[in-house]
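S.K.: Dropping the structure in here first, questions after.
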Amino acid sequence: MDPILDVQGLSFRYEGGHEGAVLDGLSFTLERGERVGLVGCNGVGKSTLLKLLVGILPMQQGTLTVGGLAMNRKNLPELRRKVGYVFQDSDSQLFMPTVQADVAFAAENYGYPPQEVADRTRRALARVQLESCADRPVYRLSGGQKKLASIAGILTLDPELILMDEPSAALDPRNRRGLIRILNDLPCAKLIASHDLDFIYDTCDRVLLLHHGRLAADGSARELLRNAALLEQCELELPLRFQQAP
Amino acid sequence: MDRLHHAIKDVHRLDDLAARDTPLNRLPPLAKLVSVLVYLIFTLSFPKYALTGLLGMGLYPILLCALADLSLWDTLCRGRSVALLLAAVGLCNLFFDRAPVLDLGLVVLSGGWVSLLTLLIKGMFSFLAVYLLIATTGIEAVCTALRQLHVPRVLVTTILLTYRYIVLLLQEANRISTAYALRAPGQKGIHFRAWGSLLGQLLLRSMDRAQLVYESMLLRGYHCGSNASAPNTHARTGGVPFAAVTVVYCLVFRCIPVFELIGNLF
């Protein structure tokens, strides 16, 4: 079976940027249903990579295939149906007046009939256990609920791949645990960019380690996230659970 | 800071009001939009000295307030800045139009006063009608109704995005002014030397957030041709009778001098 994501020789440089390429010849694939963590220090290009994968940033060099579709202008609507992107800042992702209206937004835009939109919205809210908040105004939600509503908003299209940018940022321990449980229950492939290595350890089987725009390591989360020397070399630290108390 | 906070709350309040379940909220958005448009056309068509005739148009917003379970006084207070602006514009009439046109017995009002009052009343009635439309329908549903009236898609999209952008702008302004106030204790307002950089920051940050919101819309299939709307959560019936009653009401009060006829009876 084709991989859900195939990235070959991907490079990217911001216009007017003085610091060279943010991404430099990146190549990797993601199999269907695979749970992959994208880790690296600040400014290493994690968010840039995610934005390239959904066509928010234009391709400059390399090839990118999602679910058998090459990244180009023509394929963009279909490609975005297959890939859901959860922003780091949920406030920027939620813009409709109520949770239900926001979650239904994508299904409505893709032209599903009203009954189908309602069904998809109900299913998506149930998957993130947010049914009771359906009629609530978005601004009344807590940070954790906003994150879940953002995820529900992309689940209405049944994406084959979910991209998440720092999903655990600003979540309290309980909401964080709830999010881990919900993510682990989702059957689709996931690419999760985060500094929270404990979160990555709990949600991913494989890790891509970025450093200076290149892939410094690609391997099992169990092994890579215990490799103190490699993490140190990439300006990261061991997950808290593996650090010895002072 | 408080004013910004209140402005954000006012916008959110509109969303809250639109989500309620009152007789006016339950009416179809298209019927409400058409009715308000008809009401605006008739109200604004009164001549500048037709003060008594115009007063009859006030029954409509009063009735809408009752149907929407809203306090008329609170709603009127929300339009005070509109009233101030209209008063400022109308004040010029006092100097240029001094001919007596209305004899109230003890007082004779000049044309300037009557046209000022007419302008104020027209403005406040129009404000009330539009406010009640948004407060009982929601901007998303109003935009959907505008599309049903074949208003150009670009225009409707601009209205929708402007509404969303206003909230982002207010939120960013609130954050910036809070951050400033916390590090400038005892200072009243923002020092003029900081205005330039703060305004620049506000522009950049709100543009950044507006860009993120737009990207979020694009990623969920939005394009200018999209027809997304807030899902109907209430049964929508009674639109045609409501619009018909509005048209009849407007025709009666615009074409027949109802108050003068009543006055002649005594």
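S.K.: Identify, by number, the condition in (1) surrounded by fewer than 20 Cβ atoms within 10 Å (Cβ to Cβ); (2) closer than 21 Å to residue A:39 by Cα that residue A:178 doesn't meet.
M.R.: (2)
S.K.: Residue A:131 fails exactly one of the following numbered conditions: (1) surrounded by fewer than 18 Cβ atoms within 10 Å (Cβ to Cβ); (2) away from chain B (no Cβ under 14 Å); (3) touching a helix residue (DSSP H, G or I) at 6+ places or on another chain (Cβ under 8 Å); (4) touching a residue at least 12 places away in the same chain (Cβ under 8 Å). What is the number of that condition?
M.R.: Every condition holds for residue A:131 apart from (4).
S.K.: In region B:106-148, what count of residues is obtained for those that are under 12 Å from residue B:18 (Cβ atoms) and either within 14 Å of chain A (Cβ to nearest Cβ) or touching a Lys or Arg at 6+ places or on another chain (Cβ under 6 Å) (or both)?
M.R.: Count: 10.
S.K.: Kindly provide the set of residues from region A:54-65 that are within 17 Å of the chain's Cα centre (by Cα), more than 14 Å from chain B (Cβ to nearest Cβ) and open to solvent by 30 Å² or more (accessible area, probe 1.4 Å), ordered by number.
M.R.: Once the filter is applied, which keeps residues that are within 17 Å of the chain's Cα centre (by Cα), more than 14 Å from chain B (Cβ to nearest Cβ) and open to solvent by 30 Å² or more (accessible area, probe 1.4 Å), region A:54-65 yields only A:65.
S.K.: Still on this structure: Given the criterion within 13 Å of chain B (Cβ to nearest Cβ) and either in contact (Cβ under 8 Å) with a residue 60 or more places away in the chain or within 30 Å of residue B:21 (Cβ to Cβ) (or both), identify the matching residue among A:143, A:68, A:84.
M.R.: On inspection, the qualifying residue turns out to be A:84.
S.K.: Scan A:99, A:103, A:128 and give me the residue that is touching a strand residue (DSSP E or B) at 6+ places or on another chain (Cβ under 9 Å) and hydrophobic (A, V, I, L, M, F, W, C).
M.R.: Unique residue meeting the criteria: A:99.
S.K.: Search region B:68-86 for residues that are under 22 Å from residue B:27 (Cβ atoms) and pair each with any residue that is of a type outside the set (Val, Ile, Thr) and at pLDDT below 90 when their beta-carbon atoms are under 9 Å apart and the residues are at least 6 apart or on different chains.
M.R.: Here the result reads B:68/B:20; B:69/B:20; B:78/B:10, each pair linking region B:68-86 to a residue that is of a type outside the set (Val, Ile, Thr) and at pLDDT below 90.
S.K.: Would you pick out the residues in region A:70-86 that are open to solvent by less than 40 Å² (accessible area, probe 1.4 Å) and more than 16 Å from residue A:26 (Cα to Cα)?
M.R.: Scanning region A:70-86 gives A:75, A:76, A:79, A:80, A:82, A:83, A:84, A:85, A:86.
S.K.: Residues of region B:89-105 being open to solvent by less than 60 Å² (accessible area, probe 1.4 Å) and aliphatic (A, V, I, L, M), which ones?
M.R.: Hits for region B:89-105 are B:94, B:99, B:102.
S.K.: Any idea which residue in region A:40-53 is farthest from the other protein chains (Cβ to nearest Cβ), counting only those that are of a type outside the set (Lys, Arg) and either touching a helix residue (DSSP H, G or I) at 6+ places or on another chain (Cβ under 6 Å) or open to solvent by 30 Å² or more (accessible area, probe 1.4 Å) (or both)?
M.R.: A:40
S.K.: Would you call residue A:142 of a type in the set (Ser, Thr, Tyr), surrounded by fewer than 24 Cβ atoms within 10 Å (Cβ to Cβ) and either at pLDDT 95 or above or within 22 Å of residue A:241 (Cβ to Cβ) (or both)?
M.R.: For residue A:142, the condition - of a type in the set (Ser, Thr, Tyr), surrounded by fewer than 24 Cβ atoms within 10 Å (Cβ to Cβ) and either at pLDDT 95 or above or within 22 Å of residue A:241 (Cβ to Cβ) (or both) - is not met.
S.K.: Is it the case, given these coordinates, that residue B:84 is open to solvent by 60 Å² or more (accessible area, probe 1.4 Å) and not in a loop (DSSP other than H, G, I, E, B)?
M.R.: yes
S.K.: Within the set of pairs 6+ apart or on separate chains, which have a first residue in region B:204-220 that is touching a residue at least 60 places away in the same chain (Cβ under 8 Å) and more than 7 Å from chain A (Cβ to nearest Cβ), a second that is open to solvent by less than 90 Å² (accessible area, probe 1.4 Å) and small (Gly, Ala, Ser), and C-beta atoms under 6 Å apart?
M.R.: Nothing qualifies.
S.K.: For region A:87-128: of the residues being free of Cβ contacts under 8 Å to residues at least 12 places away in the same chain and hydroxyl-bearing (Ser, Thr, Tyr), which is most open to solvent (accessible area, probe 1.4 Å)?
M.R.: A:112
S.K.: Of these, B:142, B:156, B:130, B:167, which one is over 30 Å from residue B:260 (Cβ atoms), open to solvent by less than 70 Å² (accessible area, probe 1.4 Å) and modelled with pLDDT of 90 or more?
M.R.: Result of the check over B:142, B:156, B:130, B:167: B:142.
S.K.: Check whether at least one residue in region B:64-76 is under 22 Å from residue B:149 (Cβ atoms) and open to solvent by 20 Å² or more (accessible area, probe 1.4 Å), and report yes or no.
M.R.: no
S.K.: So, in region B:1-50, of the ones that are of a type in the set (D, E, K, R), more than 15 Å from the chain's Cα centre (by Cα) and more than 13 Å from chain A (Cβ to nearest Cβ), which residue ends up surrounded by the fewest Cβ atoms within 10 Å (Cβ to Cβ)?
M.R.: Among those residues, the one meeting the criterion is B:2.
A quick yes/no check of all residues on (1) touching a residue at least 60 places away in the same chain (Cβ under 8 Å); (2) not in a helix (DSSP H, G or I); (3) not hydrophobic (A, V, I, L, M, F, W, C):
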site	(1), (2), (3)
B:37	no, no, no
B:58	yes, no, yes
B:88	no, no, no
B:93	no, no, yes
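S.K.: Filter region A:181-209 for residues that are among the polar types (S, T, N, Q) and open to solvent by 20 Å² or more (accessible area, probe 1.4 Å) and give the result.
M.R.: Matches in region A:181-209: A:184 only.
The values are calculated or read from the model by the stated rules, or taken from the named source; none is laboratory data. Since we're looking at a predicted model, the values are computed, not measured. Don't worry about glycine lacking a Cβ; one is built from the backbone with ideal geometry, like all the others, and counts go over all protein chains shown. The area values use the complete protein model at the heavy-atom level, side chains included, leaving out ligands, DNA and RNA. Shrake-Rupley method; radii C 1.70, N 1.55, O 1.52, S 1.80 Å.
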